[in-house]
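The values are calculated or read from the model by the stated rules, or taken from the named source; none is laboratory data. Keep in mind it's a predicted model, so treat the numbers as computed, not measured. Every residue, glycine as well, gets a Cβ built from its backbone with ideal geometry; the counts of neighbours run over all protein chains shown. Accessible surface areas use protein heavy atoms only, side chains included; no ligands, DNA or RNA. Shrake-Rupley method; radii C 1.70, N 1.55, O 1.52, S 1.80 Å.
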Amino acid sequence: MLEAMIDLRLAPMAAVTNAPFRLVCRECGAGPLTNEEIDARALLQNSARTEELTRFLPEEHPIAMQLLGADPDVLAEAARRLEAAGADAIDLNMGCPVAKIVSKGQGAALMRDPLGAVVVFRTMRKAIAVRFTIKIRGGWDERTVNAVEIARIAEGEGVDAITVHPRTRSQQYTGVAPWENIARVVDAVAIPVVGNGDVRCRADAAAMVAATGCAAVMIGRGALGAPWIFAAGETSRDERARIIRRHCELIEAHLPAATALIQLKRHLAWYARGFPGAAALRESLFALPTPAAVQNTFWESW
Ligand SMILES: Cc1cc2nc3c(=O)[nH]c(=O)nc-3n(C[C@H](O)[C@H](O)[C@H](O)COP(=O)(O)O)c2cc1C
């Protein structure tokens, strides 16, 4: 019973959670959506590629646009632009662990500088009227697990909700996600906390809510090749086939041709996980030249 009532959300994942995948997850039952990270500076420089990443479909509301950056004024101006473009919320990425991102003071590096974070929160909060949320990690490394400190600062600066992926930056995506870091943030602030990390099925989501008291659960890798994770109850094989077909149609309809071909390959390879001969199928999918050939080969193995 409890499992059916949990607010399950799709986690932002770069080069994965584009409009077609987000919409498929929403149609399966996912709650408020978040775009993949958008480089704030590139957006202000009118990069065509970045512009493409900001596109969403009307059916996706409510949707948050996630920004990556470090300069408060650049972030604030980018947030204003995305609000004007119809975003229902602006989310600040404070969790990206990638070396070339943190070396610029962005992503998880923002957690190392609480005073700098105050200025970023304040400047972004003033810039927009829509909801302002942040996505944080447990901290930078095991010596600086400061999610609670950052969460309290954020709440004081008018941030509306916080998603916690409880690993530290040093842990990247390895080891077990220490859910107790989510529980500590839940206990420390009154604003909603969304828990994230290692949820692979609805039972895991219920366990996370029970263990942490989080208001909603965000699922990343567990949704790859399995958007039906957001659906209540079992999804039949026929229903899964229908969802995959719908996903392929959305990819072809809404992404530029070159991106569409790559996305078909990536997502169909995830859908093929667990098929007999999945590794060989994956390899052949990636070698094919057209969307039709990729889909035919996938369905021959279905
Ligand atoms: C391929 C990939 C791309 C990601 N891109 C983003 C991103 O753009 N923004 C973000 O906040 N987190 C990003 N993440 C982190 C996820 O949102 C999530 O916090 C993490 O995967 C842990 O959740 P999970 O165990 O459910 O996958 C990414 C993760 C993966 C695997």
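A few remarks follow.
- FRET efficiency estimate (nearest 0.05) - Cβ-Cβ, residue 13 to residue 49, R0 22 angstrom: 0.80
- Comparing mean-square fluctuations of 116, 107, 274 from a GNM of the chain with C-alpha springs under 10 Å, the top value falls on 274.
- Carbon and sulfur %, accessible surface of the chain computed with the full protein complex present, 1.4 Å: 54
- Karplus-derived 3J(HN,Hα) values for segment 280-294, using 6.51 cos²θ - 1.76 cosθ + 1.60 with θ = phi - 60°, are 5, 4, 4, 4, 5, 4, 5, 8, 7, x, 10, x, 5, 5, 4 Hz; glycine and proline are entered as x.
- Each residue of segment 6-14 was assigned a 3J(HN,Hα) from its phi angle through the Karplus curve 6.51 cos²θ - 1.76 cosθ + 1.60 (θ = phi - 60°); the sequence is 6, 7, 9, 10, 7, 6, x, 9, 4 Hz, with glycine and proline shown as x.
- Förster radius 25 Å - calculated FRET efficiency between residue 210 and residue 142, Cβ distance, rounded to 0.05: 0.45
- Residues of the chain: accessible area per residue with a 1.4 Å probe, Å²: 43
- FRET E, pair residue 203, residue 239, Förster distance 30 Å, beta-carbon r, rounded to 0.05: 0.90
- GNM top mover of 253, 151, 280 - the chain, alpha-carbon springs below 10 Å: 280
- Extension gain (nm, one decimal) between residue 115 and residue 85, 0.36 nm per residue minus Cα-Cα: 7.8 nm
- Computed from backbone phi with θ = phi - 60° and the Karplus coefficients 6.51, -1.76 and 1.60, the 3J(HN,Hα) list for segment 60-70 is 7, 4, x, 9, 9, 9, 9, 10, 10, x, 9 Hz; x is used for glycine and proline.
- Of 176, 199, 209, the residue with the greatest mean-square motion in the GNM of the chain, using alpha carbon springs below 10 Å, is 176.
- Between residue 176 and residue 249, full extension at 0.36 nm per residue minus the direct alpha carbon distance yields a gain of 22.7 nm.
- In segment 117-166, GluC sites (Glu not before Pro) in a DSSP loop with at most 11 other beta-carbon atoms within 10 Å: 142
- Overall form of segment 237-301 per C-alpha gyration tensor (a/c, 1.5; a/b vs b/c): oblate
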